[in-house]
1. If I model a spin label at residue 280 and residue 73 as a point 7 Å from the Cα along the Cα→Cβ vector, what separation in nanometres do I get?
2. With θ taken as phi - 60° and the coefficients 6.51, -1.76 and 1.60, list the Karplus ³J(HN,Hα) couplings across the range 234-251 in order, rounded to whole Hz; mark glycine and proline as x.
3. Using a Förster distance of 22 angstrom, determine the FRET efficiency expected from the C-beta separation of residue 28 and residue 260, and round it to 0.05.
4. Which value in deg cm²/dmol, rounded to the nearest 500, describes the helix-derived mean residue ellipticity at 222 nm for the chain, given -39,500 (n - 2.57) per DSSP H run of n ≥ 4 and division by the residue count?
5. What pairs from 219/304; 126/158; 126/230; 222/304 go past 20 Å between their alpha carbons?
6. Set Lys and Arg Cβ to +1 and Asp and Glu Cβ to -1, take the dipole of the range 1-127 about its Cα centre, and tell me which of 80, 32, 47 lies farthest positive.
7. Could you estimate the translational diffusion coefficient of the chain from the Stokes-Einstein equation, with Rh from the Kirkwood formula over C-alpha pairs, at 10 °C and 1.306 mPa s, in whole µm²/s?
8. Show me, for the range 126-134, the HN-Hα J-couplings you get by feeding each phi into the Karplus relation (A = 6.51, B = -1.76, C = 1.60, θ = phi - 60°), rounded to Hz, glycine and proline as x.
Amino acid sequence: MNNTEVDFVLTIPIAPAVHLNAQTLSQQQTDPKTAKQVYLNAVVVQAVNFYFQCMEIETDLAASSIWHPVVQKFMDVADLDVKDIGKLECRPVSPGEDFVAIPAEVRSDRIGCVAVEIAPSQQEVKLLGFVKKADRAKLPIKELEPIENLLEYLHELKAEYLDEELKPVHLSQWLHNVFDIGWQTAEKLFESKPELQFAFRSSQVAEISDRSNVRLPVKGGKIVNLESEKEQVALFVELMTTEEPDIDISVVVYPAKGQTHLPNNLQLILLDDGGETLMQARANSSENLLFEFSGEPGEFFTVKLVLGESSATENFWI
């Protein structure tokens, strides 16, 4: 049901630290209009993050684009990463406005959009509501769903994510630019997480719609959370077609969150379809871990990352 009258809103006080962070970020911009937008973006993202903390919804505030001056200079984005679900856009709204302005750069690759009204005193914000798809330049406030429905929606997405996590990744589809849920082309992952790009200084990314009779690499990646150790790494798989039917495969792990080296004692393990270990490597202040091998269509393998008591497993079908 749409929240046609927006008769329920959630009010959240703005902490002094939120103002300080927002002011610091805005001062890194030379254009006054951009600086003001950066300030508003930073306020609303931190406010929504505080609400999620109160509701025990795990987020990664540090992964938000609000912290990157270059990104903010050229793109009006106010994203909040919800763990294991995706990016939620948080859009600032002035009191009395009837519409939420949705920039073109955030109308895709989002699990939804929350409208946040900042009070004239700038001492509090109101969560007016949300939409699951923000694919228009202007979204009427009257079409927002009540904010209390947001948590239920996130729980539904999390359940879908866990179901998908058990399914194998279909690598053959990548050759036609069709990527599984949770995976992105390397290029798109760079766009969403600019801090990763330094790790790929010598990498070349190719993204084409049809690779018939063309031998260029296709690389997909995702961020992997090893939560008990409070660490993140970037896992990439690259495919290179060879003489039929073999496909050359590279599995590589890079540090995330702007780090220059992988966590000590991180293990990368390659398993066959019977669970037997084919390859194993351990990071000791390494910049990356890399496995290279070949496989045929129809073959199955598993990649496992282990750090202390935490582990993450990805299943692949060639």
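1. It is 4.8 nm.
2. 9, 9, 10, 10, 10, 10, 9, 5, 10, 5, 3, x, 5, 10, 7, 10, 10, 10
3. In this case the efficiency is close to 0.45.
4. Numbers: 6 runs with 67 residues, N = 318.
Using -39500 (n - 2.57) per qualifying helix, the result is -6500 deg cm²/dmol.
5. Working: 219/304 18 Å; 126/158 25 Å; 126/230 31 Å; 222/304 14 Å.
Over 20 Å Cα-Cα: 126/158; 126/230.
6. 32
7. Working: Rh = 21.2 Å.
For these conditions, the coefficient is 75 µm²/s.
8. Per-residue couplings from phi come out as 10, 7, 6, x, 8, 10, 7, 10, 10 Hz.
Each value in this text was obtained by applying a stated rule to the coordinates, not by laboratory testing. All values reported here derive from a predicted model rather than from experimental measurement. Methodologically, a virtual Cβ is constructed for each residue, glycine included, from the backbone with ideal geometry; neighbour enumeration extends over all protein chains shown.
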